[in-house]
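I have placed the structure first, in the form of structure tokens, so that the comments after it can refer back to it.
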Amino acid sequence: MLFYSNIFSLMNWKQDGVNPASGMYILNIPLADISANQLQGPDLDLALRFNQFNANDYGFGTGWELSLARIDEDPDPDDASSPLRTLVLSDGSRYRMNAEASGAVSLQYKKTNTFTFKQETDGSCTIVHIDGRIETISSGRTTCITIPSKKHLYISWNSDNTFTISDDSATVLLSSSMTQTDNAREHLVTSQRGKFAFTLLGPQPYQLRAISIPGTGNPILYAFSYIRHNTNYFLIKNWKSLINYFQEQAIV
């Protein structure tokens, strides 16, 4: 993140448009509605979310985050040997992780008791929500979601940020793959309801420029343009939705 503030744990990251508290422009793009284990759960509404204060590329271009819990690491200007760690929940809220003398981890901005966080002895972390849902984070990414009925959703990650989501019966509910040609990448997401192609243009840093449906003509669903700020960060300048209905927003 470009900077840290308690406002990031209080704002509604799922509401599109300019957030009145922070002045950020937030945009969520739905990817898939997943219901695992023959509709017994867990359920997952997977989306892409744009964060203008995040310079990381998680496989969909700079600033675009999946709506999955994760742990981000950023350089600490005061201690190069110990990165700053931030817990990001699936709803977008984020909390600075502070190591205690006992070896435990506390969350600096956590003000409510809607979830508990624990760092396990094997290095993984667990988030237990008030409704009993458990998210397991390994190597900084969500790898398992468990509901009280002991049904699971598994997420496996590859080094190029592609991933596969499956359930207890090993049924693949969503998968992604990456191809690259010259200074362009295509991240293809395949769910049980269809495919979406995410076109990223480079060179570094890569930007998400279009979302389309693969096939004849490749009809474009969304198109984006950006403004660079603070060297490595981007603002959405303009986006259009171009199929079924037409919508355009210019952000100033």
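Any read-out appearing in this document is the output of simple, stated calculations on the displayed coordinates, not a laboratory observation. None of the values given here were measured: they were computed from a predicted structure. In this analysis, Cβ positions are derived from the backbone assuming ideal geometry, glycine residues included, and neighbour counts consider all displayed protein chains.
For the chain, what's the relative contact order in percent, using C-alpha pairs closer than 8 Å and at least 6 residues apart? Numbers along the way, then the final one.
Values: 545 pairs, mean separation 31.4, N = 252.
That works out to 12 percent.
How would region 84-188 be classified by its alpha-carbon gyration tensor: rounded, prolate or oblate, with rounded meaning a/c under 1.5 and the a/b versus b/c comparison settling the rest?
Numbers: a/c = 2.28, a/b = 1.45, b/c = 1.57.
It comes out oblate by the Cα gyration axes.
Which peptide among 151-158, 223-230 comes first, and what is the full order, when sorted by highest mean count of other Cβ atoms within 10 Å? Display every interim value, and only then the final one.
On the way: 151-158: 17.4, 223-230: 15.2.
Order by mean packing, descending: 151-158, 223-230.
Place a +1 charge on the Cβ of each Lys and Arg in region 1-110 and a -1 charge on the Cβ of each Asp and Glu, then give the dipole magnitude about the Cα centre in debye, rounded to the nearest 20.
Working: 7 positive and 14 negative charges, 47 e Å.
Dipole about the Cα centre, nearest 20: 220 debye.
State whether region 148-238 is rounded, prolate or oblate according to the following rule on the C-alpha gyration tensor (a ≥ b ≥ c being the square roots of its eigenvalues): a/c under 1.5 gives rounded; otherwise a/b larger than b/c gives prolate, and the remaining case gives oblate. Don't jump to the answer; show the numbers that get you there.
On the way: a/c = 2.21, a/b = 1.69, b/c = 1.31.
Prolate shape, in that a/c is at least 1.5 and a/b is the bigger ratio.
Can you bin region 182-229 into rounded, prolate or oblate? Criterion: square roots of the alpha carbon gyration tensor eigenvalues sorted a ≥ b ≥ c, rounded for a/c under 1.5, prolate for a/b above b/c, oblate for the rest. Write out the running numbers ahead of the final one.
Working: a/c = 2.20, a/b = 1.90, b/c = 1.16.
Because a/c hits 1.5 or more and a/b exceeds b/c, region 182-229 counts as prolate.
Given the DSSP H assignment, sum -39500 (n - 2.57) over each helix run of at least 4 residues in the chain and divide by its residue total; what's the result at 222 nm in deg cm²/dmol, nearest 500? Walk me through the numbers before you get to the answer.
On the way: 1 runs with 4 residues, N = 252.
Mean residue ellipticity, 222 nm, calculated: 0 deg cm²/dmol.
Semi-axes of region 23-150's equivalent ellipsoid from the Cα gyration tensor, sqrt of 5 times each eigenvalue, largest first, rounded to whole Å? Display every interim value, and only then the final one.
On the way: eigenvalues 120, 88, 33 Å².
Value: 24, 21, 13 Å, ordered largest first.
What's the FRET efficiency of THR181 with ASN98 using the Cβ-Cβ distance as r and R₀ = 41 Å, to the nearest 0.05?
0.40
Multiply the residue separation of SER225 and ASP131 by 0.36 nm, subtract the distance between their alpha-carbon atoms, and state the gained length in nm to one decimal. Before the final figure, lay out the partial values.
Details: separation 94, 0.36 × 94 = 33.84 nm, distance 3.91 nm.
Stretched out fully, the SER225 to ASP131 stretch lengthens by 29.9 nm.
List the residues of region 43-62 whose backbone N lies under 16 Å from a point placed 7 Å from the Cα of VAL18 along the Cα-to-Cβ direction.
Under cut-off, by backbone N: 52.
Please name which of ALA197, ILE137, ASN230 has its Cα lying farthest along the dipole of the chain towards the positive end, using unit charges on Cβ (Lys, Arg +1; Asp, Glu -1) and the Cα centre as origin.
Value: ALA197.
Just how large is the dipole of the chain about the Cα centre, in debye to the nearest 20, putting +1 at every Lys and Arg Cβ and -1 at every Asp and Glu Cβ? Walk me through the numbers on the way to the answer.
Values: 20 positive and 24 negative charges, 103 e Å.
I would put it at about 500 debye.
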